[in-house]
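Below you'll find the structure, written out as structure tokens, and then a few comments.
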Amino acid sequence: MLFTPARGRRTGVCLAYPNRYSLGMGNLGFQTVYRILATAPGHYCERAFLPERDGSPPRRLLTLESGRPAGELDVLALSISFETDYLNVPAMLEGAGLPLWSSERDERHPLVIAGGSAVFLNPEPIADFCDLFLIGEAEEMLPEFLAFLDAARESGASRRQILEEAAAIAGVYAPRLYEPRYEGPRLVDVGGPRAGCGVERRLVADLDRFPTTTQILAEDVAFGDMFLIEASRGCQWGCRFCAAGFMYRPLRTRSVESLTADVERGLAGRSTIGLVGAEMASLPGIAALCDAIADRGGRASPASLKADCISPALAAALGRNRSRTVTIAPEAGSERMRRVINKNLREAEILRAAEMLVGEGVRDLKLYFMVGLPSERDADVEAIADLTLAIRERFLGKGKEHGRIGRLTLSVNNFVPKPWTPFQWDPMIEVGEAKGKLARLRARLGPVPNVDLEGESPREAYLQTLLSRGDRRIAGWIVELHRGAQRGESWWRALRSGRRGKRAAAGLVDPDWFVHRSYDYAERLPWDFIDHRVRKLYLRTEREKALRARETPPCDVSTCKSCGAC
Ligand code: SF4
């Protein structure tokens, strides 16, 4: 155990992904942290994934490398990219044979730490389950933390001492040193030994120093047919609903030289190179990079492309790469709504991009849209169908010229308000209303040939919103849903119906308080203690511009200081 001062013994870290193996191993963040832990001097790392739930008694959490119980190692490190995986944290802890609550664990138990993009934004819903959080990018912070742990182990420090001293490391958050205070349902203050101490989100300034790529090639995992290369972090466009556009500020990009070196390495193991980042069309040198991949007989598969940034050279390069499907994200159907979300994108630019891509040989297009955005009107929802039909006309017209008819696939998601965005104060619309908007789009586009519509479940969006905007009191719900799942009950039923009486009895807060309520500007937000270097006033100003459908130009990191991140 971590607290037995055994000089010279290597520290064992179980890196655990609170979901299936195929998702965890397809996650670049998880693979990157695994490399850091597995190569850290004086440490060894074994992986573990959420045991399959098949109705039989909950399975033990065993490591992949040695099949030993995860709770036997010195540290259980949870890597959490999506807030919906917060629901699986109790199963991970119980599977590891550990008490659920941090306050119930002692020197006999491993330290439970968590990191990953979900906890960057708001770790509070799982704060009472974890001993420490690492807030930010791991490349520099994690080795620092491991060195601290080594020294603590050498000195025989107690668990309490470790929590207190670890909190002095930039980016490390020890929730037990902060005590939230409520007046009725409202979070009003935070006390405790570190009250008033913000937690700095850690960032890597130069991405070329830490090339982030696939570390383990595995067939049976998400993106398993690709070699993934992270090309940038952050985004300059500032779409007001998008967490990645604010939590990773300022934008940082990898150089074409270092990316090309990774391409060489990647093509030795895979024929497709997945280029990862918030937005790829405005990556410096993207067309040349895609050409370089095609020249080497590979296929480039870039993440989402902003339509107006797709140059003729990039479209041609994608054609050369035999890209079957390209994703563009209008997000909103009307010009007004695109100004509200600060998409900086005109309809003509979207139509031009669709035509150009098909002209260069791209067969299918995937389009991202959202419903339920702040200030949305019925006409804005109708405009999604109108824009889709306009794209279809250009797309099919050009396709016919080239003797091929592709498909348009719409992915329509519900707006989920995220911390650290201008829309963090806005509620999610009612589930019934969201269903109605999706139904109207299905009615208009369902009968149209060559158009497919995939709609995300509004209930899933409700859950996401609860877990992204909630505070520590959500932990009670997470345990309730975990127990419900063990009884074979659906989380929606547990969350919504039949249990109202029980909810009050169990002292659980009404989840609608976090999902369907507008937060006041003066209100203390559960994630306010994290310092993302983006000023809260900047986010508020951006929200007010949104409500007047006013846009903000993209970031110019060479001159601008407006949000505080540069
Ligand atoms: S300071 Fe300006 S350029 Fe830098 S991230 Fe903020 S808005 Fe963008």
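Over the stretch 207-456, what is the relative contact order in whole percent, taking alpha-carbon pairs under 8 Å and six or more residues apart?
16 percent.
If a cysteine in the chain has no other Cys Cβ under 4.7 Å from its own Cβ, put it on the list, ordered by number.
That list is 14, 45, 130, 197, 235, 290, 309, 555, 560, 563, 566.
Considering only lysines 8 or more places apart in sequence, or on different chains, count the pairs in the chain whose C-alpha atoms sit under 20 Å apart.
Total qualifying Lys-Lys pairs in the chain comes to 13.
Let me check against my output: what whole-number percent is the relative contact order of the chain, with C-alpha pairs under 8 Å and at least 6 apart?
13 percent.
Could you please put 164, 219 in sequence from largest to smallest accessible area, using a 1.4 Å probe?
219, 164
Let me understand the stretch 368-496 better: what is its radius of gyration from the alpha carbons, and its Dmax, in angstrom?
For the stretch 368-496, the Cα-based Rg and Dmax read 18.5, 59 Å.
If one computes the Cα centroid of the stretch 97-116 and of the stretch 374-439, what distance in Å separates the two points?
43
For the stretch 207-456, give the magnitude of the charge dipole about the Cα centre (Cβ charges: +1 Lys/Arg, -1 Asp/Glu; no others), in debye to the nearest 20.
In total the dipole reaches around 220 debye.
Mind pulling up the Rg/Rh value for the stretch 159-219? Radius of gyration and Kirkwood radius, both on Cα.
1.20
Of 276, 342, 403, which is farthest on the positive side of the dipole of the stretch 207-456, counting Cα position, with +1 on Lys and Arg Cβ, -1 on Asp and Glu Cβ, and the Cα centre as origin?
403
Rounded to the nearest 10 Å², what accessible area does residue 547 have for a 1.4 Å probe in the complete protein model?
Answer for residue 547: close to 90 Å² accessible.
What per residue convex hull volume, in Å³, do the alpha-carbon atoms of the stretch 207-456 yield?
With only Cα atoms used, the stretch 207-456 gives 129 Å³ per residue.
Which residues' amide hydrogens lie under 5 Å from the amide hydrogen of residue 114, considering only partners 5 or more residues apart or on another chain, with H built in the peptide plane?
Distant-sequence amide H within range of residue 114: 78, 132, 133, 134.
With unit charges on the beta carbons (Lys and Arg positive, Asp and Glu negative) and the dipole taken about the Cα centre of the stretch 207-456, which residue among 244, 422, 263 sits farthest to the positive side?
In the stretch 207-456, that residue is 263.
Considering only protein heavy atoms, with the full assembly of protein chains and a 1.4 angstrom probe, order 101, 237, 425 by accessible area, largest first.
Output order, biggest surface exposure first: 101, 237, 425.
In the full protein assembly as shown, how much of residue 260 is accessible to a 1.4 Å probe, in Å² to the nearest 10?
Rounded to the nearest 10, the figure is 30 Å².
Please give the charge dipole size of the chain, origin at the Cα centre, charges +1 on K and R Cβ atoms and -1 on D and E Cβ atoms. Round to the nearest 20 debye.
It comes to approximately 880 debye.
Not counting ligands, DNA or RNA, and with a 1.4 Å probe, what is residue 368's accessible surface area in Å² rounded to the nearest 10?
Around 80 Å² of this residue is reachable by solvent.
Go through 516, 43 and list them by solvent-accessible area, largest first, probe radius 1.4 Å.
516, 43
No solvent, one uniform scatterer per C-alpha: report log10 I(q)/I(0) for the chain via the Debye equation at q = 0.07 1/Å, two decimals.
Normalising to I(0) and taking log10 leaves -0.42.
When N is the residue count of the stretch 5-157, what does its C-alpha Rg come to as a fraction of 2.2 N^0.38 Å?
Cα Rg divided by the expected 2.2 N^0.38 Å: 0.97.
The values are calculated or read from the model by the stated rules, or taken from the named source; none is laboratory data. The model shown is predicted, which means the values in this text are computed figures rather than measured ones. Positions of Cβ are generated from backbone atoms using ideal geometry, with glycine treated the same way; all protein chains shown enter the neighbour counts. Side chains are part of the model used for accessible areas, which takes the heavy atoms of the whole protein and leaves out ligands, DNA and RNA. Shrake-Rupley method; radii C 1.70, N 1.55, O 1.52, S 1.80 Å.
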